[in-house]
Structure formats: C-alpha cells, structure tokens
Amino acid sequence: MHSYLQQCRGVLQRATRKTVVIGNESCDLDSAVSALAFAYHLHCTPELLGPRHTKDTAIIPVLNVVRNELPLKTEVTYYLKQQKIALDELICSDEVQWENEPDTLDLVLVDHHMTKLTNHRIAGIVDHRPVDGAAQFKSDAFRTIELVGSCATLVGRELMKIFQENQVSGYADALELLYGAIVLDTVNFSKEADKAKQLDHEVAEFIEKNVKNIGPQDTFAYRESLFKSLVAARSDISQLNAYQLLFKDLKILNQNGRIVSLPGFPMAVQEYLKLSECSQHVNQFACSTQSNVVLLLGMKVLPDGSVRRDIGIIPIDDKPLAEKIISALLEDNATSFGLERIETDFANGAVFFQQHNLKASRKQLIPIVKNVLDIL
C-alpha cells in the first residue's frame, strides 16, 4: 500500500481518466484512512467500478482538506506519521483540478453520500450515517450504507474478504491503518457512548488477531493505549488559536439561501469560550464562511474514557433562524438531546446547553438542522 500511495501524486498528473476516492469535508481520521485504504482496495480490484473503468483509469485517494489546513487535523497527521505515511505524498482537495475534468474524473464517496462536487459522476459510496432525504443515487453506482460506528469498519469488511483468501502485505497495511479509526470513532467501544455495533467489534477483532497478532489477554490494554494516544493527538491544540480551532472539524450546511456552520471541538464549548479573543475569532470565522448561524459542538473525553458534550448556538445575523434551530433541538423526541441551558457572558445573543444524551452526536443533529432549513 505504501508504494501505491507514493505513486499517486505522479499518476494524478499523467492519467487521462481518474477515479478519486474522497472522504467528507471534516477530514477526520475516519474519513482520511477510509479514503486511503479503500482507494488501495479499488486499485487492486478495479472490477468493482464496473464498465466505466478502463485499464488507463487511475484510482487516486484525496484528503478532503486544503493543504494549508491539513496541520489542523492533528489526530490525522499524528496517526499517519505513526503508520509511516509521508504527508507530502498525499493529495489534498486543492491539489486536484476539479473544474478541468468534469467528464474524465469520477468520484467514490467514503464517510458521506452527498457532495458539492456535482459536476462529477459518482461511481460508488461507502458510508455509515443515516441516508439524507435529499440524496439521489445512480443505479449504476455501487452503494454500501450501514449504521455502524465507523466508516473504516465497512471498508475493513471488504478488505478482510481479500485478506482471508490471500494475505497480501498491502492489505495488512491497509487494515492496520483502518484499525485506529475504528477504535477512535467508537470511543474505544464505550458502552456509555454506544457507538460500536457488532460489525465494529468483528472487524477490530479480526485485525487484532490476524494482522496485529494481539492476544485476547492484551486486547484491552492495547486498545486503551491507542485510544488515549489518538484522543491526546486530537486534543492537542497547543499550536492552534480560537480561529483555527473552528476549522479543525467543520461541517457546513447551505440550503435555501442560509448557511449554518457546525464546528466540532475536541474540548467542551465552555472551555473554548475562555480562549483568547474567542468572540472576535467566531465573528471572523462567520464572515469567512458567510455563516448566518454557527453551532459550536463540544465533546470532551475524560481520563476515565467517559464523554461530556455541550452545544452553543450563535445567531450571527439571523436570530429567527437560530431560534428555530433551538426549538427544533429542544422539541426533538426521536433523539432527545437532553439539553440543559447554561448561562454565559458570551455576547451576540448566543445560547448554550449542556447535552445530557451523550450518545447523540453531530450525525443526529445535522438532519434536524436540515429540516429547519428546508421549511424556511
């Protein structure tokens, strides 16, 4: 796999036809490693792409982040270096000439199933989130969408099938790469977080036994050590200011002429508010993203592995929209976020909540915000 990744940048420049495997715009660890590992899998088994794939089609993984923002993805850069993957060999989204190749560049989406790159044909999808009601799927594209803890689990299941038949060393590397994302995304299989499904357990256990050669008696300690190192890397904001933190794990919704940004933090929102010049940085961020409302989403992992979540809703220039979002979250019975108001001195009419339903994440919150935007 490493030699494949080393060749991709040169191949991107030379190939006349391309299939790009790309994760979602947050470019978290799950998206990044899923794109790299699944691109390698398709490179080895291109028949999965169907008749549009020809012998001169190059399969290229792309990290869905611009190059100068890659250092903000601290757990991604940390883990890839641990896996001996050179960051300068990887391709970022601003290094692809998307607009020049509408007919010769297809997409495979991992860790999401809707994209802003609408000029390109979608050849396949692998995702682990609920299907968006606005999603439209082409009949000739392969599609795997299952609600599991990590997209890396779904990719891992496909790689396992090949590895069981023929223990290719590249597949061992790819499976090991996926393992870290499974441990991190399931919050180390925490019962409190309740993210891990049976398939997550099965894929992780397969990798532990067949790739990493970890005995059952050592599994708990190994997972715990890896999880803590990844959380520490994700939480390492020592080199980031309050403005940069807003871009570290960002999702943006743009519907009906309104933009809602949802930055996620590796810390509590209440801790974020204490950072130097926080209010000014939030306003600068809102200006640069043209956001009407900003939702700050905090998740702090405590030393014992338990999780704390809180939320902030900031009405930049659309207080009625912010109020509708707040009402929708408070009235939602399907997820029941368990929100408790927190009083703060933050200006701009912002409203903050402690979230007592620790199982509910941004994946559950986004459809509610989308529904609000749909009926404006």
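So if a site counts as exposed when it's one of the GluC sites (Glu not before Pro), its DSSP state isn't H, G, I, E or B, and it has at most 12 other Cβ atoms within 10 Å, what's the longest stretch of the chain without one? Maximal segment without exposed cleavage sites: 1-191. Less than 5 angstrom separates the built amide H of Leu339 from those of His356, all sequence-distant by 5 or more or on a different chain. Only protein heavy atoms count here; on that basis, with a 1.4 Å probe, Lys195 has an accessible area of about 40 Å².
Cα-based radius of gyration for segment 135-215, normalised by 2.2 N^0.38 Å, reads 1.17. What the pair-distance distribution of segment 238-376 shows, using all Cα-Cα distances binned every 10 Å from zero, is 12, 47, 35, 6, 0 percent.
Each principal axis of the Cα atoms in the chain has its own extent, and those three values, largest first, are 59, 53, 39 angstrom. The string of couplings for segment 25-35 from the Karplus curve (6.51, -1.76, 1.60, θ = phi - 60°) is 6, 6, 6, 7, 4, 4, 5, 5, 6, 5, 5 Hz, one whole number per residue in order, with x for Gly and Pro.
Are there any trypsin sites (Lys or Arg not before Pro) in segment 197-294 that are in a DSSP loop and have at most 10 other Cβ atoms within 10 Å? List them by number. Counting only loop positions with at most 10 other Cβ atoms within 10 Å, the trypsin sites (Lys or Arg not before Pro) in segment 197-294 are Lys274.
Short to long, the 10 Å bins of the Cα pair-distance histogram for segment 83-228 hold 10, 33, 34, 18, 4, 0 percent of all pairs. Loop-located trypsin sites (Lys or Arg not before Pro) in segment 1-63 (DSSP state other than H, G, I, E, B) with a sparse environment of at most 14 neighbouring Cβ atoms within 10 Å: Arg52, Lys55. Once each part is reduced to its C-alpha centroid, what is the distance from segment 194-273 to segment 331-376 in angstrom? The two parts, judged by their Cα centres, are 20 Å apart.
Determine the alpha carbon to alpha carbon distance for each of Lys55/Lys197; Lys274/Lys319; Lys73/Lys195; Lys84/Lys300; Lys73/Lys370; Lys191/Lys324 and list only those over 30 Å. Distance filter (> 30 Å) returns Lys55/Lys197; Lys191/Lys324. For Arg17, the residues whose modelled amide H falls within less than 5 Å of its own, excluding neighbours fewer than 5 places apart on the same chain, are Ala58.
Projection of the Cα convex hull of segment 1-122, averaged over all directions and equal to a quarter of that hull's surface, yields 6.9 nm².
Working from Cα pairs under 8 Å separated by at least six residues, relative contact order for the chain is 13 percent. For segment 222-376, what is the accessible area per residue in Å², given a 1.4 Å probe and the full set of protein chains? Heavy-atom accessible area per residue stands at 46 Å². Once both labels are positioned 7 Å from their Cα atoms along Cα-to-Cβ, the gap between Asn371 and Gln164 label points is 3.9 nm. Rounded to two decimals, the Cα radius of gyration of segment 180-277 over 2.2 N^0.38 Å is 1.39. Heavy-atom surface analysis with a 1.4 Å probe gives segment 259-365 a carbon and sulfur content of 47 percent of its accessible area.
The values are calculated or read from the model by the stated rules, or taken from the named source; none is laboratory data. Being a predicted model, the structure only gives us computed values, none of them experimental. Glycine gets a Cβ as well: all are built from the backbone with ideal geometry, and neighbour counts include every protein chain shown. Please note that ligands, DNA and RNA were not included when accessible areas were found on the heavy atoms of the full protein model with its side chains. Shrake-Rupley method; radii C 1.70, N 1.55, O 1.52, S 1.80 Å.
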